Amino acid sequence: MTTEATPGDGLVDGLAALDISQISDALDRLGIAGQCAGIRPLDRRFRLAGRAYTVRYAPAGLSRGTVGDYIDDLEPGQIPVLDNAGRLDATVWGDLLTVTAHRMGLAGTVIDGVCRDTERSLEVGYPIFSCGSWMRTGKDRVQADAYQVPVSIGGVRIEPGDILIGGADGLVAVPQSRAAEVLEAATSIAASEERIRAAVLAGGRLDQARTSVGYHDLQHPEQ
């Protein structure tokens, strides 16, 4: 269950073709902290790939503010990335946003916090990655504080335009300035793992296949 990324974005497409575990190992090899802890898909079948449009939330003040009317400004293939500081008691995403985002062709939504109306996401196959779900509205509790600024998702700094890749095992964030390096490293790791897989399926020993390609050092910086 995947929403397609923006056509013609080679870096997004290339990363989307890889397993997030391979991208995670590539991030480790390059010394990049990009594994977003505690951010999970509503449905393990969801896949997500695209570039970040960031929104930072804060507790509502005396003016109340709003939870944000940003959605109409996004482009197909982008991902709303919502930093609600991991709050589990007030949602910043629900049915109306899901319906709109799905119609617009957005690639999915990422929330450091919770969403609600999850049945709509599952019904239309719109990927949401979050800390979980709860029904309580964020209106009058939180407000959109800033747009297109650096945010924190699962302990990872994400800037506008960074690439997010999500799958059954979670979410990784790739800085746009290092995306080509990460893609190259992850592709190399994927090729090494495929050689091991082929050797084992041909009847070989796993330990020998791993040794032959240096499996235990794949995530280490190259010398």
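The values are calculated or read from the model by the stated rules, or taken from the named source; none is laboratory data. Just so we're clear, the structure is a prediction, and the values are computed from it rather than from any experiment. With ideal geometry, Cβ positions are generated from the backbone for all residues, glycine too; neighbour counts draw on all protein chains shown.
Of everything in the stretch 111-125, what is surrounded by 23 or more Cβ atoms within 10 Å (Cβ to Cβ), farther than 19 Å from D69 by Cβ, touching a residue at least 60 places away in the same chain (Cβ under 8 Å) and not polar (S, T, N, Q)? Give them in sequence order.
As a first pass, look at the stretch 111-125 and keep what is surrounded by 23 or more Cβ atoms within 10 Å (Cβ to Cβ): 111-115, 121.
Now narrow it down to the ones that are farther than 19 Å from D69 by Cβ: 112, 114, 121.
Within this subset, residues satisfying the condition of being touching a residue at least 60 places away in the same chain (Cβ under 8 Å) are 112, 121.
Within the stretch 111-125, D112 is the sole residue that qualifies.
Just one of S177, S121 is under 22 Å from L11 (Cβ atoms) and part of a helix (DSSP H, G or I); which is it?
Details: S121 fails: under 22 Å from L11 (Cβ atoms).
None of the other options fit; the residue is S177.
This table checks each residue for (1) crowded, with 22+ Cβ neighbours inside 10 Å; (2) outside the structural domain of Q22 (by TED's automatic domain parsing); (3) small (G, A, S); (4) closer than 30 Å to Y215 by Cα.
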| position | (1), (2), (3), (4) |
| --- | --- |
| P80 | yes, no, no, no |
| T91 | yes, no, no, no |
| T100 | no, no, no, no |
| M135 | no, no, no, no |
| I165 | yes, no, no, yes |
| A190 | no, yes, yes, yes |
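Considering only residues that are in a loop (DSSP other than H, G, I, E, B) and either under 21 Å from I165 (Cβ atoms) or free of Cβ contacts under 8 Å to residues at least 40 places away in the same chain (or both), which ones fall in the stretch 70-93?
Across the stretch 70-93, the qualifying residues are L74, E75, P76, G77, W93.
Out of everything in the stretch 30-69 that is touching a residue at least 24 places away in the same chain (Cβ under 8 Å), among the hydrophobic types (A, V, I, L, M, F, W, C) and more than 30 Å from A180 (Cα to Cα), what residue ends up being surrounded by the fewest Cβ atoms within 10 Å (Cβ to Cβ)?
Looking at residues that are touching a residue at least 24 places away in the same chain (Cβ under 8 Å), among the hydrophobic types (A, V, I, L, M, F, W, C) and more than 30 Å from A180 (Cα to Cα), I get A58.
Identify, by number, the condition in (1) part of a strand (DSSP E or B); (2) of a type outside the set (A, V, I, L, M, F, W, C); (3) free of Cβ contacts under 8 Å to residues at least 40 places away in the same chain that G166 doesn't meet.
Here G166 clears every test but (3).
Considering every residue within the stretch 143-151, establish whether at least one is over 21 Å from L74 (Cα atoms), part of a strand (DSSP E or B) and touching a residue at least 40 places away in the same chain (Cβ under 8 Å). Steps first, answer last, please.
From the stretch 143-151, those over 21 Å from L74 (Cα atoms) are none; that's our starting set.
There is no residue in the stretch 143-151 that is over 21 Å from L74 (Cα atoms), part of a strand (DSSP E or B) and touching a residue at least 40 places away in the same chain (Cβ under 8 Å).
Got a sec? Which of V81, V55, V92, V67 is in contact with a strand residue (DSSP E or B) (Cβ under 8 Å, 6 or more places away or on another chain) and modelled with pLDDT under 95? Lay out the reasoning, then the answer.
Values: V81 fails: modelled with pLDDT under 95; V55 fails: modelled with pLDDT under 95; V92 fails: modelled with pLDDT under 95.
Going through V81, V55, V92, V67 in turn, the sole match is V67.
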